[in-house]
Amino acid sequence: MAEKNYFLIKSHDERLKLHLKLKNNGYGRLLIETGLGIDLMDADVNIAVKRAIEDIIHRVCIPASNELGISGLRDSIIVIDIGVPIPEELDPETIWDILPVKPEKLYIYVSKGGLETIGYKDCRLIVTVVSIHIYLPRKLC
């Protein structure tokens, strides 16, 4: 089982610096994709984020690892941006657990966003938005 190697990004500026640092240190972006997740009943941000990531996973196919002879995405660095109505309720460990491929490093930036509204039987409905950036070392790209 892969070691949980994730880091929380604290600010918008830190996130921008990370993307620039990766590009300057020999990484190229393989993928940028967004997803939407909704929890209709429990108002659980973790469920909504899980569904947003699954939305991305179900729509994206990355055959490059097999077709280009890359040893999978284990050498990748993944940066995930999350817009969620209640950021303090998000558990970053859940994000690591749902990724089908465990990257070398995972960076998570959480900001206030998404939507909290009234759902079925007047319960809270949570909508989250997620953006995933997958970086690979250029020698592998």
**Message:** Given the criteria in contact with a Gly (Cβ under 6 Å, 6 or more places away or on another chain), under 16 Å from VAL129 (Cα atoms) and at pLDDT 95 or above, does GLY35 qualify?
**Reply:** no
**Complete:** Reported set for the range 14-50 where residues are of a type in the set (Ser, Thr, Tyr) and within 19 Å of LYS139 (Cα to Cα) is TYR27
**Fill in**
How many residues of the range 4-50 are touching a Lys or Arg at 6+ places or on another chain (Cβ under 6 Å) and either closer than 17 Å to GLU88 by Cβ or of a type in the set (A, V, I, L, M) (or both)? The answer is 2
**Asked** What's the number of the condition SER65 fails, among (1) in a helix (DSSP H, G or I); (2) of a type in the set (S, T, N, Q); (3) at pLDDT 95 or above?
**Response** (3)
**Asked** Which of the residues belonging to the range 113-141 are assigned to a strand (DSSP E or B), more than 15 Å from the chain's Cα centre (by Cα) and within 26 Å of LYS21 (Cβ to Cβ)?
**Response** LEU136, PRO137
**Pick from the range 86-100, criterion more than 13 Å from ASP44 (Cβ to Cβ) and part of a loop (DSSP other than H, G, I, E, B), ranking: modelled with the highest pLDDT** = LEU99
**Request:** State whether the residues of the range 48-66 include one that is loosely packed, with under 15 Cβ neighbours inside 10 Å, within 12 Å of the chain's Cα centre (by Cα) and farther than 19 Å from HIS133 by Cβ.
**Result:** no
**Prompt:** Among (1) touching a helix residue (DSSP H, G or I) at 6+ places or on another chain (Cβ under 9 Å); (2) assigned to a helix (DSSP H, G or I), where does LEU36 come up short?
**Reply:** (2)
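Can you name every residue in the range 123-141 that is under 15 Å from ASP39 (Cβ atoms) and either among the basic types (Lys, Arg) or modelled with pLDDT under 90 (or both)? Quick ask: steps written out before the conclusion?
Going residue by residue through the range 123-141, those that are under 15 Å from ASP39 (Cβ atoms) are 123-130.
Within the range 123-141, CYS123, ARG124 meet the criteria.
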**Item:** Where a residue in the range 81-109 is free of Cβ contacts under 8 Å to residues at least 12 places away in the same chain and its partner, wherever it lies, is in a strand (DSSP E or B), with Cβ under 9 Å and at least six apart
**Value:** GLU88/VAL110
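The values are calculated or read from the model by the stated rules, or taken from the named source; none is laboratory data. From a predicted model like this one, the values you see are computed outputs, not experimental measurements. We place every Cβ from the backbone using ideal geometry, glycine too, and count neighbours over all the protein chains shown.
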